[in-house]
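Q: One structure, pasted below without further comment.
The values are calculated or read from the model by the stated rules, or taken from the named source; none is laboratory data. The shown structure was predicted, so the numbers you read here are calculated from the model rather than taken from an experiment. Here the Cβ is made from the backbone with ideal geometry for all residues, glycine too, and neighbour counts use every protein chain on show. SASA here: full protein model, heavy atoms, side chains in, ligands and nucleic acids out. Shrake-Rupley method; radii C 1.70, N 1.55, O 1.52, S 1.80 Å.
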Amino acid sequence: MFGFDEKLRILADAAKYDVSCSSSGGKRKNNGGVGDASASGICHTYTEDGRCVSLLKILMTNYCIYDCSFCVSRRSNDVQRAAFSVKEVVDLTMNFYRRNYIEGLFLSSGIFKSADYTMERLMLVVKKLRTEERFNGYIHLKAIPGASESLLKEAGLYVDRMSVNLEIPTEEGLKLVAPEKDHKSVREPLAIVQNEILNVQQHKKIVKKAPLFVPAGQSTQMVIGATPETDLQIMQTANEFYKDYQLKRVYYSGYIPINATDSSLPQIGTTPPLIRENRLYQTDWLLRFYGFSLNEILNNKHQQLELDIDPKLAWALRNPQFFPIDINSADYSWIIRIPGIGRQSANKIVQARKYGKLKEFQLRKLGIAFNRAKYFMICQDSIVSTGFHYPEQIKKSILEYNPRPKLINSQTQLTLFS
Amino acid sequence: MNYIFDGSYCGYLSCVFEAFERKEFDVIPTTQQLMVANIFSEKREIPSCSMKALRIATGMEKIIGRHNAKLFYHNFLADNSLEWTNGFRLIVELFKSQHLDMQNYGRPDLLRLHQSIKKISRERHRMKAFIRFVKSYNNLYTAIVEPDFNVIPLVIDFFKNRFADQQWLIYDIRRNYGFYYNGRTVQEVSHIHGQDIQDPYCIEVDLDPKEKEFQHLWKTYFKSTTIESRKNLKLHLRHVPKRYWKYLVEKI
């Protein structure tokens with residue numbers, strides 16, 4: 001038993017740098033076995049770093065033929081190696097699931113022997129779970145770049161989500177840290193799966209009972225801060241991948257220094273760029289759910305996101321001509337652009353104002369960040385503006401009211417390809 | 001006027017019926033245990049009556065629709081006399097004016113109803129996440145919980161669909177009742193063997209031989225999936241408040 005415990009420790013530790021843990025979007029219903037998807041996803045617990053634990057996230061093995069310097073499992077790294085058997089992964093998943101510890105399995109792997117060999121082993125696990133154990137929980141599988149089309153397509157029948165990690169946001173950056181890899185090898189599997197998803201959707205229109213194929217879609221991940229890309233470059237890449245492959249998510253993972261030998265990477269002991277990572281996620285949300293275009297938030301004149309204020313507030317301060325917005329008459333799409341008002345509150349405002357004009361005291365109670373929003377909106381009883389507020393002044397008073405708990409020192413920006 | 005009912009939704013709706021019957025609308029619905037003793041306040045015991053409750057329930061559905069009527073049930077699960085009173089007043093208004101704009105978030109009492117429902121929904125979701133089963137030698141999976149609100153009835157269907165092929169028992173130790181699923185149907189159970197139910201993590205006998213091993217493996221996994229350099233205990237505590245730790249394998 002001790003041996004197995006050690007194995008789990010090694011292979012969970014090696015898998016933890018994949019940040020994706022979402023279990024949402026699953027559609028599988030229980031048909032006489034065990035497991036039933038929860039459309040919204042469930043986080044069963046949270047690690048001490050505050051990340052959600054929804055899936056059992058492990059590597060099949062951390063043996064790897066590649067030597068990517070940002071990766072903890074690179075072949076030149078002196079770490080303990082281990083490998084699970086197919087049966088071990090299946091047993092572990094089933095027993096954790098039946099005790100309600102997890103929503104399902106997130107399975108990835110180092111590349112051993114060849115891409116196809118690795119992919120086949122991963123496929124065996126998911127096939128066994130679905131067909132022999134009649135498991136209907138969530139499965140997220142890493143597609144191995146370079147694996148054959150037929151293997152990817154077969155795996156797609158059993159899994160809920162597939163993903164391939166971009167790792168480094170630009171081709172130039174990737175060349176610096178992983179000369180053996182390129183973006184093309186990531187695009188290929190994404191494209192194969194995307195085509196098949198569209199095929200199955202076409203099919204569904206004709207035959208109702210078409211099989212599920214990657215029902216929760218695809219995602220990818222980029223490491224932030226290992227190489228010197230600007231926020232603009234990162235978001236341009238993300239935007240492009242969202243569009244080209246209709247990804248459900250792009251994850252941004254602040255680089256955690258794990259390499260003492262490569263001097264081009266941030267040194268061990270540097271804090272990961274947590275605030276920057278957060279700002280990128282906020283931007284991602286603004287683009288996908290708030291109707292912003294990338295150009296409004298980041299452009300050639302403005303290539304980095306502010307760390308001390310969020311991107312929506314930053315945009316509002318750069319564009320005072322649109323404000324203040326009258327919450328009693330403005331369209332929903334404008335109300336969500338007010339800093340401090342999110343989509344849920346905006347919805348409530350639009351519903352509530354049908355029954356009478358909203359006053360300040362009502363908005364205070366609605367759950368918005370009133371002290372940020374007040375500079376950008378007018379309610380029915382707002383005092384008519386006391387003159388023009390300079391953006392710098394607004395920023396100052398917002399930060400004074402809500403001082404940032406000492407900005408985590410994010411690493412200084414590296415110079416571009418020096 | 002305090003209306004004392006038995007703590008069931010049926011009893012709660014019976015209070016509404018009685019209020020109209022007696023034309024007493026300034027009412028605080030409460031239970032024997034929750035009532036704040038006050039020598040000046042009058043009280044009246046209201047027996048649960050399913051006929052009366054049904055009339056109120058169908059009446060509500062007719063006016064505001066099934067979805068909105070359900071909101072009052074969720075608010076009722078708050079297990080708190082203040083929320084019960086707020087819901088009660090709104091139901092009374094609903095019948096008096098034969099109309100209620102449920103989405104009028106500008107009104108403090110309606111906003112409060114929605115906020116209370118939000119809290120309950122959050123607790124319900126937490127139960128889906130934090131319930132941990134312990135497997136015993138006879139293949140029964142047992143979970144013990146102490147939710148803030150009376151939300152177990154809201155998650156039973158979820159667990160029934162998910163763990164359809166295993167027998168399980170989910171027991172609310174604070175309210176001393178639970179639900180048992182035998183592989184086909186769910187039944188409500190209470191006061192098992194007329195005594196307190198044991199903490200499942202303390203039971204040493206009767207366990208499935210592999211149970212301790214899987215608990216240990218889960219703890220191992222939990223520890224090794226944490227990234228030390230990103231440690232943020234404040235955030236951790238916000239997501240997993242301490243009051244739930246007692247029943248979480250990875251936190252005991």
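Q: For A:Lys205, give me every one of the lysines with a C-alpha distance below 19 angstrom, ignoring sequence neighbours fewer than eight places off in its own chain.
A: Leaving aside lysines fewer than 8 places away in the same chain, those within reach of A:Lys205 are A:Lys27.
Q: Every cysteine in chain A with no other Cys Cβ under 4.7 Å from its Cβ, please list them in numeric order.
A: Cysteines lacking a close Cβ partner in chain A: A:Cys21, A:Cys64, A:Cys379.
Q: Amide H to amide H under 5 Å from B:Leu207: which residues, 5+ apart in sequence or cross-chain, H placed 1.01 Å off N in plane?
A: B:Tyr137
Q: A:Ala83's amide H: which non-local residues (gap 5+, or another chain) put their own amide H closer than 5 Å, with H modeled 1.01 Å from N in plane and none for Pro or chain starts?
A: The answer is none.
Q: Under Stokes-Einstein, with the Kirkwood radius over Cα pairs standing in for Rh, what whole-number D in µm²/s applies to chain A at 37 °C and 0.692 mPa s? Before the final figure, lay out the partial values.
A: Values: Rh = 23.6 Å.
D, rounded to a whole number, is 139 µm²/s.
Q: What accessible area per residue comes out for segment B:131-251, rounded to a whole number of Å², with a 1.4 Å probe? Spell out each step's value before the answer.
A: Numbers: 5990 Å² over 121 residues.
The answer is 49 Å² per residue.
Q: Oh, and also: Please give the total accessible area that chains B and A bury against each other, computed with a 1.4 Å probe and expressed in Å² to the nearest 100. Provide the component values of the computation, followed by the final result.
A: Values: alone 15240 and 20880 Å², together 31100 Å².
Separately minus together, B and A give about 5000 Å² buried.
Q: Would you pull out the residues with amide H under 5 Å of A:Ser23's amide H, same chain only if 5 or more places away, H placed 1.01 Å from N?
A: Under 5 Å from the amide H of A:Ser23 lie the amide H atoms of A:Ile42, each far enough along the sequence or on another chain.
Q: Where does each of A:291-304, A:68-81, A:196-209 land if you order them by average Cβ count within 10 Å, highest first?
A: Ranking, from highest mean packing down: A:68-81, A:291-304, A:196-209.
Q: Right, another one. For the pair B:Asn68 and B:Leu233, how long in nm is the line joining their label points, each one 7 Å along Cα→Cβ?
A: 4.9
Q: For the protein assembly as shown, which whole percent of the accessible surface, found with a 1.4 angstrom probe, sits on carbon and sulfur atoms? Write out the running numbers ahead of the final one.
A: Working: 16190 of 31100 Å².
About 52 percent, which is the carbon plus sulfur part of the accessible surface.
Q: Mind checking which aspartates and glutamates have their C-alpha under 18 Å from B:Lys242, skipping anything on the same chain fewer than 8 residues away?
A: Correct list for B:Lys242: A:Glu48, A:Asp49, B:Glu123, B:Glu146, B:Asp148, B:Asp172, B:Asp199, B:Glu250.
Q: Here is a further query. Per residue, what accessible area does segment A:132-287 have, given a 1.4 Å probe and all protein chains present, in Å²? Intermediate values should be presented prior to the final figure.
A: Details: 6140 Å² over 156 residues.
Result: 39 Å² per residue.
Q: Would you kindly compute the Cα radius of gyration of chain B and its largest Cα-Cα separation (Dmax), both in Å?
A: When restricted to the Cα atoms of chain B, Rg and Dmax are 21.4, 66 Å.
Q: Still on this structure, please answer the following. Label-point separation (nm) for A:Gln267 and B:Lys219, each offset 7 Å from Cα along Cα-to-Cβ?
A: Between A:Gln267 and B:Lys219, the simple spin-label model gives 3.9 nm.
Q: If you line up the long axis of helix B:211-224 against the longest principal axis of chain B, both from Cα atoms, how many degrees apart are they, to the nearest 10?
A: The two axes meet at around 90 degrees.
Q: Given a Förster radius of 51 Å and the C-beta distance between A:Lys113 and B:Thr58 as r, what FRET efficiency does 1/(1 + (r/R0)^6) yield to the nearest 0.05? Don't skip to the end; give the middle numbers.
A: Numbers: r = 67 Å, r/R0 = 1.32.
With R0 = 51 Å, the Cβ-Cβ based efficiency is 0.15.
Q: Okay, next question. Of A:Lys29/B:Lys246; A:Lys348/A:Lys396; A:Lys153/A:Lys204; B:Lys118/B:Lys223; A:Lys127/A:Lys181; A:Lys175/A:Lys243, which sit over 20 Å apart, Cα to Cα? Kindly include the intermediate steps, with their values, before the conclusion.
A: On the way: A:Lys29/B:Lys246 32 Å; A:Lys348/A:Lys396 29 Å; A:Lys153/A:Lys204 17 Å; B:Lys118/B:Lys223 32 Å; A:Lys127/A:Lys181 29 Å; A:Lys175/A:Lys243 24 Å.
As for pairs spanning more than 20 Å Cα to Cα, those are A:Lys29/B:Lys246; A:Lys348/A:Lys396; B:Lys118/B:Lys223; A:Lys127/A:Lys181; A:Lys175/A:Lys243.
Q: Taking 0.36 nm per residue of sequence separation and subtracting the Cα-Cα distance, how much length would be gained by fully extending the chain between A:Phe322 and A:Glu172, in nm to one decimal?
A: Details: separation 150, 0.36 × 150 = 54.00 nm, distance 3.86 nm.
Fully extending the segment from A:Phe322 to A:Glu172 adds 50.1 nm.
Q: In segment B:88-115, which residues give up 20 Å² or more of accessible area once the other protein chains are added, compared with their chain alone (1.4 Å probe)?
A: B:Asp101, B:Gln103, B:Asn104, B:Tyr105, B:Gly106, B:Pro108, B:Leu111, B:Gln115
Q: Still on this structure: I'd like the distance separating the alpha-carbon centroids of segment A:217-296 and segment A:128-204, in whole Å.
A: Between the Cα centres of segment A:217-296 and segment A:128-204 lies a distance of 19 Å.
Q: Another question, then. Would you mind checking the tilt of helix B:81-97 against the longest principal axis of the Cα atoms of chain B, expressed as 0 to 90 degrees and rounded to 10?
A: Taking Cα atoms only, the helix is inclined about 40 degrees.
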